[in-house]
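Structure, as structure tokens:
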Amino acid sequence: MVAQAPSGKKPLPDMMTSIRIDKSGQVEIVDQLLLPHSVKWIPISTTEEAFEAIKSMKIRGAPAIASLAALSLKSSLSSSFNINGKSKEEIKNWILEKCNYLQSSRPTAVNLSEAMNRIRNYIKASTNSKSNTTELIEKVKEICKNVHEEDLERNMLMGKLGAEWLFKKSGEKQKLKVITVCNTGSLATSGYGTAIGVITALFENEQLDTAYYAQTTPYHQGSRLTSLELTTLQIPACMICDTMLGSLFQHEDIDGVIVGADRVVKNGDTANKIGTYQAAVLAQRHNVPFMVVAPVTTIDLSLQTGAEIHIEQRPSIEATQIRGLNLETGKLSVIRITPEGVGEGDKPWQKVYNPSFDVTPAELISCVVTEKGVAERKQGEKSINVSSIC
């Protein structure tokens, strides 16, 4: 489960990856629900299999799910889709239906909709084209392939830009202490990562003291996935419970908070994994820079503010149960951590609030980093001109 590590001042062990493609073109994903205790690769050959994997969070992270959705469409066009006897119009309609279907798997992540829109835009532009059905299909497959391959290169560039900005912001302090939330590394992308990419770049430059990462309940992306990635890369790191963020700011000299994003809108408001907003509030209280790192594909200029972002509500059961390694049996187990009925019944005392994301207002964000550059929030302003880095 490795991808080639980029070159840097400090050599790195091989990185992990969420998606792999064998020589025959078979797409496989690692089941992230089983990590870090078990590594199981799942073949994905159809859009239906991709939809289920994304919806059930066997794969997660906005760039990674966009890659898988695109690759599953490419696989379907290469194998299971029979073009015999179908007109060009029928093929186009089939592709558009699949785009709509895949996009519905995780509505908050804009990378997924951006990837599907790239395909839709080509289909619409080809209406008056003289291309035949074979040329149409091959072009769509090429777009799908590019969605996946472009991600790694831009992640490495964002890591460099973010690390340079934070190092300069710190007054070129010798070693930095940073905080991150959720998992934004190779398991959430096609490689290197977004926020973890910045942390990795700092480590490569020998500018990192410690990377603190929040557990990120209820799915524990931090304790299960970020811990696995940072351990694999041998990056100095320390896990904290989500409720310990305030204490950490009080007792450690934190130089920056670095997070990813599932959607950044026109004014800079950012939707990211639940818990990001509280980290931003604490960062501002303690005068600590708060950085959002995301590719251009995550920026949605069609929405003016974060109030327009649709926030996905996850099933209650995900907050009332926990999956892990049973130390007595040595097997993976799922256990309930609440009284019976909580999150399952309809009584007023059985409710569970379980949003997958929260929205951090731009006024709490110091800068947004994309592969095109860094957009800083100017002193006294409540928005960030993210259109300058699109």
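The values are calculated or read from the model by the stated rules, or taken from the named source; none is laboratory data. Everything numeric here is computed off the predicted structure, so don't read it as measured data. Note that we place each Cβ from the backbone using ideal geometry, even for glycine, and neighbour counts take in every protein chain shown.
Below, the figures for the structure above:
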{"item": "Which listed residue, of ASN121, ASN117, ASN128, ASN146, is modelled with pLDDT of 90 or more, out of contact with any helix residue (DSSP H, G or I) (no Cβ under 9 Å at 6 or more places or on another chain) and surrounded by fewer than 22 Cβ atoms within 10 Å (Cβ to Cβ)", "result": "ASN121"}
{"item": "Which numbered condition ILE137 fails, given (1) within 19 Å of the chain's Cα centre (by Cα); (2) crowded, with 19+ Cβ neighbours inside 10 Å; (3) assigned to a helix (DSSP H, G or I)", "result": "(1)"}
{"item": "Residue check for SER76: of a type outside the set (Phe, Trp, Tyr) and at pLDDT 90 or above", "result": "yes"}
{"item": "Residue check for ALA201: among the small types (Gly, Ala, Ser), part of a helix (DSSP H, G or I) and touching a residue at least 60 places away in the same chain (Cβ under 8 Å)", "result": "yes"}
{"item": "Residue ID - surrounded by the most Cβ atoms within 10 Å (Cβ to Cβ), chosen from residues in the stretch 277-328 that are among the small types (Gly, Ala, Ser) and without any contact (Cβ under 8 Å) to a residue 60 or more places away in the chain", "result": "GLY306"}
{"item": "Members of the stretch 337-347 that are exposed (fewer than 14 other Cβ atoms within 10 Å of the Cβ) and among the charged types (D, E, K, R)", "result": "GLU340, ASP346, LYS347"}
{"item": "Residue tally, condition of a type in the set (Lys, Arg) and part of a loop (DSSP other than H, G, I, E, B), over the stretch 266-297", "result": "1"}
{"item": "The stretch 216-229, subset in contact (Cβ under 8 Å) with a residue 40 or more places away in the chain and in a helix (DSSP H, G or I), residue nearest to LYS10 (Cα to Cα)", "result": "GLU229"}
{"item": "Filter result for the condition that a residue is in the same structural domain as GLN278 (by the TED database) and either under 20 Å from GLU164 (Cα atoms) or touching a residue at least 12 places away in the same chain (Cβ under 8 Å) (or both), over VAL342, VAL369", "result": "VAL369"}
{"item": "Sole residue being touching a Lys or Arg at 6+ places or on another chain (Cβ under 9 Å), on the phi < 0 side of the Ramachandran plot and surrounded by 16 or more Cβ atoms within 10 Å (Cβ to Cβ), chosen from VAL110, VAL178", "result": "VAL110"}
